[in-house]
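We did not get these values from a lab; they are worked out from the coordinates using the rules stated. Computed from a predicted model, the values in this text were never measured in an experiment. Cβ atoms come from the backbone with ideal geometry, glycine included; neighbour counts cover every protein chain shown.
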Amino acid sequence: MRRSSAAAGAGAVLALAGAAAALLRLTGPAPVLVPAAYACGAAACALAALLGSRGRTRRALWLLVAGLMVMALGDQFD
């Protein structure tokens with residue numbers, strides 16, 4: 001029970017952080033690819049939060065890792 005709530009919480013926090021970063025990068029002079037990468041990473045983390053809340057913690061973990069990697073890749077284009 002505790003693992004699923006941790007996965008859901010981490011996914012929600014990372015999704016909110018990614019969405020905030022996407023909005024901040026959208027208003028700045030960054031290329032379009034940067035906010036798109038943050039938004040896609042945030043969507044993956046939101047899906048991971050949903051999976052984590054349903055008890056699919058292993059899949060949620062890998063989706064969190066993938067979402068963070070997409071956000072990190074997008075940050076490299078800035």
Below 8 Å between Cα atoms, with a sequence gap of 6+, how large is the relative contact order for segment 2-76 in percent?
40 percent
Ordered by packing density, taken as the mean number of other Cβ atoms within 10 Å over each peptide's residues, highest first, how do 13-19, 29-35 rank?
13-19, 29-35
